[in-house]
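Take a look at the structure set out below.
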There are 4 protein chains.
Amino acid sequence: MIVITEAGIPQSILDALREHLEERGVRTHVSRGTDRVVVGCIGDTSQLDAGAVSRWPGVASVVPVRTPYRLASREFRAAPTLVPLGDAAGTTLGEQRIVVAAGPCSVENAAMLLETAHGVREHGAAMLRGGAFKPRTSPWAFQGLGVQGLALLADARAATGLPVVTEVMDPRHVDLVAEHADMLQIGARNMQNYPLLAEVGRVRRPILLKRGLSATITELLLAAEHIMARGNELVVLCERGIRTYETATRNTLDVAAIPVLKRETHLPVIVDPSHAGGRADLVAPLAFAAIAAGADGLIIEVHPRPGEALSDGDQSLTLDAFGALMRSLAGFAEAAGRTLVPANRTTRVA
Amino acid sequence: MIVITEAGIPQSILDALREHLEERGVRTHVSRGTDRVVVGCIGDTSQLDAGAVSRWPGVASVVPVRTPYRLASREFRAAPTLVPLGDAAGTTLGEQRIVVAAGPCSVENAAMLLETAHGVREHGAAMLRGGAFKPRTSPWAFQGLGVQGLALLADARAATGLPVVTEVMDPRHVDLVAEHADMLQIGARNMQNYPLLAEVGRVRRPILLKRGLSATITELLLAAEHIMARGNELVVLCERGIRTYETATRNTLDVAAIPVLKRETHLPVIVDPSHAGGRADLVAPLAFAAIAAGADGLIIEVHPRPGEALSDGDQSLTLDAFGALMRSLAGFAEAAGRTLVPANRTTRVA
Amino acid sequence: MIVITEAGIPQSILDALREHLEERGVRTHVSRGTDRVVVGCIGDTSQLDAGAVSRWPGVASVVPVRTPYRLASREFRAAPTLVPLGDAAGTTLGEQRIVVAAGPCSVENAAMLLETAHGVREHGAAMLRGGAFKPRTSPWAFQGLGVQGLALLADARAATGLPVVTEVMDPRHVDLVAEHADMLQIGARNMQNYPLLAEVGRVRRPILLKRGLSATITELLLAAEHIMARGNELVVLCERGIRTYETATRNTLDVAAIPVLKRETHLPVIVDPSHAGGRADLVAPLAFAAIAAGADGLIIEVHPRPGEALSDGDQSLTLDAFGALMRSLAGFAEAAGRTLVPANRTTRVA
Amino acid sequence: MIVITEAGIPQSILDALREHLEERGVRTHVSRGTDRVVVGCIGDTSQLDAGAVSRWPGVASVVPVRTPYRLASREFRAAPTLVPLGDAAGTTLGEQRIVVAAGPCSVENAAMLLETAHGVREHGAAMLRGGAFKPRTSPWAFQGLGVQGLALLADARAATGLPVVTEVMDPRHVDLVAEHADMLQIGARNMQNYPLLAEVGRVRRPILLKRGLSATITELLLAAEHIMARGNELVVLCERGIRTYETATRNTLDVAAIPVLKRETHLPVIVDPSHAGGRADLVAPLAFAAIAAGADGLIIEVHPRPGEALSDGDQSLTLDAFGALMRSLAGFAEAAGRTLVPANRTTRVA
């Protein structure tokens, strides 16, 4: 249940209203907009009398929640959530500009990371991606550089001005990763790792939450809800392909998830065409499709020499291929009423 | 195995080559291009000696086939197959122009069909779709008007000039449907109905072959191969969503199937965003995504009053919504290097 | 809606009741039990007044149908349907005895078929399976012996006394196959081939209906309903594995479908462990699991020399392996309160 | 690569062999059997010369590993791994006796837990299950009693003698849970939570590893490998249903995974029929099927009053229903060549 109040509700009435609600067994969550205050009721709402609450002074309306998620729902917040990337220009994700994060699957060494970072920046990427802690299906595969990889990412950030997104897998590493990165990624395998979601719910960094391998759209939103319930409402959702019977592609990009999510939630939605298809030749068409379907951004694997990559070489683009993708993407962004370049930037991308 | 000959190979040598091959247990299939002749070897090729064949006079090269399909493969025919729609203007599917077929799920009566046909034509549709024979999961649901529906489609064709595509389910109805329609549709449930595929392989009409509910891309191409092996090489492939665990949508549009198919086959590829999502609000974004990913066309359910439709009302667009979709689609078509209107037509669509 | 009448309802009242119902737009279907008559109302029941009907003389109760299928539902017929196999002993499927059909994937020639038929009979099979018309994913693969295969099956039947089940794919072949076989199989690819279902709904032979590759349990029951609605109520349902992402097995045996189906329908349920797993080493454990879960029978691929089989060699059992399976199966049948041998037969099986 | 040595290989040669191997870039893992020593080579084996190694003194054979997992493979250890439950009687999982763990989904309070523990023990359960830390899809649902729940489980263990299995979700809780429980469960959502797998790889407790919602069998074995690579080789695998499109059941029990796993690995395999079906009426048939297919045990949700359960009430059995299941299960265990009761116990179960 969500209680929406009129603009000028006195604080004393608001306090009394929350006390009234909490005595009936729910927790309350207050969200202040410019012209109204929204009080979300969380937990077992069966003891609440919606009719009685709607007659309180200053209460404009009482809305039952038709979804299992609340904080993530459009009913709770109609306006889109804008997520600042953390760069000097103050770029935000969720606005008109399409945001593209690009970089290697794994941070391998300083030289390749810097080469990639400069390259993707030149082609219009707004953010650098790169894995320091790598979840690997086999314990015998390369597991990432760990802390050293974080330091290299911070160096690349300093050198290029690109904010950095990287994965965190262990709740004990959340503070450490948050010190080095601008955005923390929760990987698909950890979408329902609740202790980890709780930890990233406590930090002051936006979270990139990837959809689990066979998670429903509702489960993705509930995973976001786990983070938001701890206080961190800057969650970016990422569709990255789901597991199906089809073997021609690594996963099946659920492109319909984009418009479904945009309708259900105020959170921004981006797409990972690299993991979705698992093939370099599919990255561009899937990226175009994602933007056409309404995505707010992309996250793309780029490697200077994919044939030498320690992980995910098959699906990584060369810098040249990434440049070509970005040039073609501009037209699709425009058709979608979006733009690929910052408002104040001339058309180096094109 | 595919044998590619030089341009001026004498007929006598070609005949001898085929005899040589067929004596070793395969059937041969000859395809003449402007500057070469391609001889496909079908069946058990284990007794063939590729090296020996490559030394025949006039033989340019011998290509082993790496795919289970042959006639449908890019190796067999590199150039895209162009499928004529059958209209007076000579429109073909598979060229630069994006072709949109639109119309009701079921033909319900003459008035609604004519109203829809005129409406979709006005908004830029190149073809009219409509079901006369309807496959329905329940035997107690409306099964279509049958022969009467075919006559109404022919009437709508005469009134609007739009060529007609409609489904055939029964091998005994193939000739009848071919008399009334310009293109015959094989529905998803019948993708592996081999007697039906064999029958439509014998008619002189293009075939719209929809991907089965959980068919792989390879199986879709093998179903096309069943048709082509009987002599009808005008097959249009249709991605219409596959069955997954996700319940927010009726099916999951496998948008990656489009570029995968375009790489594997010379046959044109269209998308049915209506069945893929199963929701009217998803038709436009899925249509945009399909064109962005490289589809050659779309097939869309439109009904003057979806709330009164006898089938699939939830996923049908109104005529107004279809018009809006077509106007927005033009930008995505342009970004994809395609066009939505015929070359000789002014911009009534915009 | 189903109307259940008292035992002695006069025919005149029954006739009047049906006329009353049909005037309101439904078709009626009458099923006579020993102590009551059940009238099923098929089609749009919205114009019926259940309360009024329940007050007719001789009407015991009026049951709304909660499932999309009616004739196949437990509400329509509570007692299990018993399906006669057509052998001299009058064996029926759906009773205490577990019925095992066994034989080759394809009928290849007279010698191998007779060798297999005698062998499986010796080990306790009650029925011979074998494909004459084979649905094959590729048009270039062996398609079966066709009419000649039917004749060989009839010969094997005459030689061994085993009734025969074989697949029919084409509605134009239904009468022909019905002349040669005791039970007609609808393969997984044709589960929703409605013209074919309609044709087999008209013959006087039991139908073995295999679940489609990704059909839901409800869709399987609705496919049975298509057959039953035409008058043939002797339908045997077959779980044969569904398509999932798992690649260790050809399909995933949905063993839970067995108890779900037994609860939903009065029709007998058998399992095909050969196609479910696609591996000879999995046939026995899957067969044991199927019987443990409540299946009424099994259909198993057996070939004298699987390495030489023209199709499905990987999943075919040798005769020895089939014999071993049957010996072990007896214990599981007993634990399930069933038996593997006819009542009047001594324990040659064990 | 796995090096198998003869029985009496001197320690000095073994040490030299390991040094030789590790100099070429692999880690080695030594496993001592009664009559041989097995040296597993972990990591990049491309620099090893198998032929040269096979000629070392005392080396019996060198086996290339055909699977991505090594420690979990049958090649690495042919004999079944026996997992001690930790009870006074010294029961082990993986032997002839079928082991059944039973108990509530969540520990709710002392009274219900004790009632359940005594009840399931009376009916033949060898182990008590119960959740203290509960992974819940929604952050607003009951999350378990946490530490208090662990204490209640330890109390129930003391009162009944039943060893306890409970889930751990947070790597920081592993030591705490290991103090209270005899076996630690990794839930399906955490099957690829690598920091958690690493932590439980370090404790001296057997691990119950549940298959992820859409994990392949290979991925399940690789998750076990993550635990074993840290030193804990007592891993029990649990098939608990996979996610498919079918909606009649909560998940689809992949019963074929049991024989596939038994062939691939030496680790014991149990089945959770409660989560697989998600319906109380399906627990018994799925349990029977699991044992028929070769499972070593079961884990079943039992609640004294399922209608009052705080979680998973729909799939919990009453104590009476659990007793009935155990009585019927004995026959299936016997047919599988197993037993449901300890060797030294009279037939209270029957």
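Coordinate-derived values only; no laboratory data. All values derive from a computational prediction rather than experimental measurement. Backbone-built Cβ (ideal geometry, glycine too); neighbour counts: all protein chains shown.
Position D:Gly146: other-copy label points at 2.9, 6.9, 7.4 nm, ordered by increasing distance, label point 7 Å along Cα→C-beta.
Quick one: go through region C:41-60 and flag any residue whose amide nitrogen is under 20 Å from the point 7 Å out along the Cα-to-Cβ line of C:Ala7. Only C:57-60 fall inside the zone, counting backbone N under 20 Å. In terms of its Cα atoms, the protein assembly as shown spans 86, 84, 71 Å along the principal axes, sorted from long to short.
Between C:Leu114 and C:Asp281, the FRET efficiency estimated from the beta carbon spacing at R0 = 41 angstrom works out to 0.90. Count Lys and Arg as plus one, Asp and Glu as minus one, and take only other residues whose Cβ is under 14 Å from that of B:Phe288; the net charge is then +1. With R₀ set to 35 Å, the beta-carbon distance separating D:Arg36 from C:Arg305 gives a calculated FRET efficiency near 0.40.
Relative to the 2.2 N^0.38 Å rule of thumb, chain C has a C-alpha radius of gyration ratio of 1.04.
Model label sites at A:Thr67 and A:Arg172, defined 7 Å from Cα along the beta-carbon direction, differ in position by 3.6 nm. Inter-copy label distances at A:Arg24, shortest first and taken from points set 7 Å along Cα to Cβ: 4.3, 7.4, 8.4 nm.
Taking amide H positions as modeled 1.01 Å from N, with prolines and chain starts lacking one, the residues under 5 Å from A:Leu128 and 5 or more places away or on another chain are A:Ala102, A:Val164, A:Val165. Electrostatic bookkeeping for A:Gly58 treats Lys and Arg as +1 and Asp and Glu as -1; over the other residues with beta carbon under 15 Å from its beta carbon, the sum is 0. Its relative contact order, with pairs defined as Cα atoms under 8 Å and 6+ residues apart, puts region C:83-335 at 19 percent. Determine the alpha carbon to alpha carbon distance for each of C:Lys262/D:Lys134; A:Lys134/B:Lys262; A:Lys262/D:Lys210; B:Lys210/C:Lys210; B:Lys210/C:Lys134 and list only those over 29 Å. Distance filter (> 29 Å) returns C:Lys262/D:Lys134; A:Lys134/B:Lys262; A:Lys262/D:Lys210. In a simple Cβ point-charge model (Lys, Arg +1; Asp, Glu -1; nothing else charged), chain D has a dipole of about 300 debye relative to its Cα centre.
On the principal axes of its alpha carbon atoms, region B:2-63 extends 29, 21, 20 Å, with the longest extent given first.
Label point of A:Glu95 (7 Å along Cα→beta-carbon): distances to the other copies' equivalent points are 4.5, 7.0, 8.0 nm, sorted ascending. If R0 is 56 Å, the Cβ-Cβ spacing of C:Glu179 and B:Ala89 corresponds to a FRET efficiency of close to 0.60.
Axis-proximal residue of chain C for the rotation onto chain A, reported as residue and distance in whole Å: C:Tyr245, 3, based on Cβ position. Taking the charge dipole of chain D about its Cα centre, with +1 at Lys and Arg Cβ atoms and -1 at Asp and Glu Cβ atoms, the residue from D:Ala256, D:Ala324, D:Ala156 reaching farthest to the positive side is D:Ala256.
Ordering of C:241-251, C:217-227 by packing is C:217-227, C:241-251, highest average first (other Cβ atoms within 10 Å, averaged per residue).
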